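S.K.: Just dropping this structure here.
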Amino acid sequence: MDGGNGEDIDLRSFAVRLRRMTAEFNRIAHEFAGAHGLHTTDVQALIMIFDAPAPITPSRLREELNLTSGAVTACLDRLERAGHIRRVRDAHDRRVVHLHYLDAAKEFAAAFFRPLGRATDNALRRFSPEELRTAAAFLDAMNEELIALRDAP
């Protein structure tokens, strides 16, 4: 496969690129965590809560992050104290708790991550809509494979 600059892209070179990008994303997450007195796990939890199509429960968060119940409780306590989330009991079943990312915290995170958004937009502009659809399809397939690995016995 040609990488666009005449360079062949094999599995190893592709893996290097993915690791480099992941390392940079992790660096940014660590900076956000450090600047706000959070653990990197807290940032992962915030991302899960933010990206969820509907409010999720602590047990779902525990499953997604592969944490113990105690670790999730400590994480949620830190996030709630820092003003990022709110726990809300279900109106029909008071035993169920839903996690909500607070609007003020979204604005706060958006301000921190705005440079990342601009960098992403700059990168997106370098590609045609068809190329972006292909890249998105690859990322979707890669995420499916990673989830399958996680769920494998």
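No value in this document is a laboratory result; all are computed from the given coordinates. Every value quoted in this text rests on a predicted model; they were computed, and no experiment measured them. Cβ coordinates were reconstructed from backbone atoms using ideal geometry, including for glycine residues, and neighbour counts include every protein chain displayed.
S.K.: Specify which residue in the list T40, Y101, V88 is farthest towards the positive end of the charge dipole of the range 38-101, using unit charges on the beta carbon of Lys, Arg (+1) and Asp, Glu (-1), about the Cα centre.
M.R.: Ranked along the dipole, the leading option is V88.
S.K.: If you don't mind, another one. Would you calculate a helix-derived [θ] at 222 nm for the chain, using -39,500 (n - 2.57) for each DSSP H run of n ≥ 4 and dividing by the full residue count, to the nearest 500?
M.R.: Taken over the chain, the calculation gives -22500 deg cm²/dmol.
S.K.: Moving on. I'd like the orientation of helix 69-81 relative to the chain: the angle between its Cα long axis and the longest Cα principal axis, in ° from 0 to 90, rounded to 10.
M.R.: So the inclination is approximately 90 degrees.
S.K.: Once the Cα atoms of helix 40-51 and of the chain are each reduced to a long axis, what angle between those two axes, in degrees from 0 to 90 to the nearest 10, is obtained?
M.R.: Result, in degrees: 90.
S.K.: Let me ask something additional. If one takes the longest principal axis of the Cα atoms in the chain, at what angle in degrees, from 0 to 90 and to the nearest 10, does the Cα axis of helix 11-35 lie?
M.R.: Long axis of 11-35 versus the principal axis of the chain: about 40 degrees.
S.K.: Sticking with this one: With charges only on Cβ, +1 for K and R and -1 for D and E, what is the dipole size of the chain about its Cα centre, in debye, rounded to 20?
M.R.: I would put it at about 660 debye.
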